[in-house]
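The values are calculated or read from the model by the stated rules, or taken from the named source; none is laboratory data. All values reported here derive from a predicted model rather than from experimental measurement. Positions of Cβ are generated from backbone atoms using ideal geometry, with glycine treated the same way; all protein chains shown enter the neighbour counts. These accessible areas exclude ligands, DNA and RNA; they are computed on the full protein's heavy atoms, side chains included. Shrake-Rupley method; radii C 1.70, N 1.55, O 1.52, S 1.80 Å.
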Amino acid sequence: MKITFGSNSRLEKIEWASLPGERWRHAGRNARLGIHGKNLKVDLARITAGGITGFGMANLSEERAKALLGGPLAEMFTPEGRVQPAFFDLEFPLMDWLGQANDCPVYKIVAADFFQPVDATFSVPFYDTSLYFDDLHLADDKAAVELMQDEVREGWERGHRSFKVKVGRGARFMPLQAGMKRDIAIVNGLREVTGPASYLMADANNGFNLNLTKEFLSATREANLFWLEEAFHEDDQLYADLKEWLTAEKLPVLIADGEGNASPRLLEWAKAGLINVVQYDLRQLGFRNWLDLGRELDAAGVKSGPHNYGVLYGNYASAHLASAIEGFASVEWDGGRVDGLDASAYRIEEGRLIVPEKAGFGLDLDDKYFAGIVSSTGWAVSKTL
Ligand SMILES: [Mg+2]
């Protein structure tokens, strides 16, 4: 598509605020961290240039924002409509602005050749990532399974059909074998609730080792897990052993890894077939870098599953990568609400996120509310051009 950058548009204003919000439900511990709680926040910057605004998740200092004022927008993008590396700290607001300036959703700006725009709506698979260790106060495994089953039912009512559950209770918060026993009972119990058609994933946050991983996967064979995430800290020797074992056992579970402090050799190991789904964090890696990485992974036959947790904006922004990455697996969805951020153009239908045919990232800000937070706890810088 022909993209316009507003030849004379210069950055005239940047406003920044951290908007507080809440998850739908309190989130407990995982294999390595304490309670995640209910609070969410989204740090947002809104830019104004050429009379057009764009906003998105961003963290930058007021000083840095001042230094950016007056810059021509045309110089902040590549001709294909990607943000130049020098402006990565404003990448999401800039992509949203570009969408507004061209009256085009971001997913159409970045779409790859395989993506054929049709009249049908654009929808992306997404999964409920909210199933934490919410059962640790219960002594009885049966009661723990029932509690987690109720959480899946709650997600189901919200339109989710894919779920990821935290495992690795025995790594820190329960005795080793008691934790393993409960992990297994929960995963098998969740499959009973979802029925056979749902995607069910498990995430050990590096709380297993190789032998525990095999024990867990053997005992959850019937649950037909789609992927096991961060079984242990990635290691090519151990992953090679696990892969060999999965093949011998005829277990089709995919291996997912890459969030947090991933090994610098992770991509090499993924391309060698040891890791099937790469999960670098969306905010940390950035949108454009994910586009490039996704295509590289496509060429290697590796799936892309960007990590996204605790940042509501990312639930929506990740979906826009799916038009550009053929092996895009699923949006990681940490559901909740943030006052002032209007996502009502998005819809959820039978486990798919329907991405609106709406400019930019398809989200709206409540002007008055945002301006209030900007003036109370945020900042705004502007320059008369
Ligand atoms: Mg994870």
**Fill in**
Within region 231-259, of all residues that are in a loop (DSSP other than H, G, I, E, B) and in contact (Cβ under 8 Å) with a residue 40 or more places away in the chain, the one most open to solvent (accessible area, probe 1.4 Å) is 259
**Request:** Go through 228, 217 for me and flag whichever is away from the ligand (no atom under 16 Å from the Cβ), within 30 Å of residue 350 (Cβ to Cβ) and either out of contact with any helix residue (DSSP H, G or I) (no Cβ under 6 Å at 6 or more places or on another chain) or not in a helix (DSSP H, G or I) (or both).
**Result:** 217
**Message:** I need the full set of residues from region 39-72 which are assigned to a strand (DSSP E or B), touching a Pro at 6+ places or on another chain (Cβ under 6 Å) and open to solvent by less than 20 Å² (accessible area, probe 1.4 Å), in order please.
**Reply:** 45, 47, 54, 55, 56
**Message:** Please go through region 189-200 and give me each residue that is surrounded by fewer than 16 Cβ atoms within 10 Å (Cβ to Cβ) and touching a residue at least 40 places away in the same chain (Cβ under 8 Å), ordered by number.
**Reply:** 192
**Item:** Top-ranked residue in region 149-188 [being under 20 Å from residue 137 (Cβ atoms) and acidic (Asp, Glu); ranked as surrounded by the most Cβ atoms within 10 Å (Cβ to Cβ)]
**Value:** 183
**Request:** Answer yes or no: is there a residue in region 146-164 that is within 16 Å of the ligand (Cβ to nearest atom) and touching a Pro at 6+ places or on another chain (Cβ under 7 Å).
**Result:** yes
**Fill in**
In region 201-224, residues that are crowded, with 24+ Cβ neighbours inside 10 Å and over 12 Å from residue 180 (Cα atoms) total 3
**Request:** Output yes when any residue across region 366-375 is of a type in the set (S, T, N, Q) and part of a helix (DSSP H, G or I), and no when none is.
**Result:** yes
**Request:** Keeping to region 264-281, report how many residues are open to solvent by less than 20 Å² (accessible area, probe 1.4 Å) and within 15 Å of the ligand (Cβ to nearest atom).
**Result:** 5
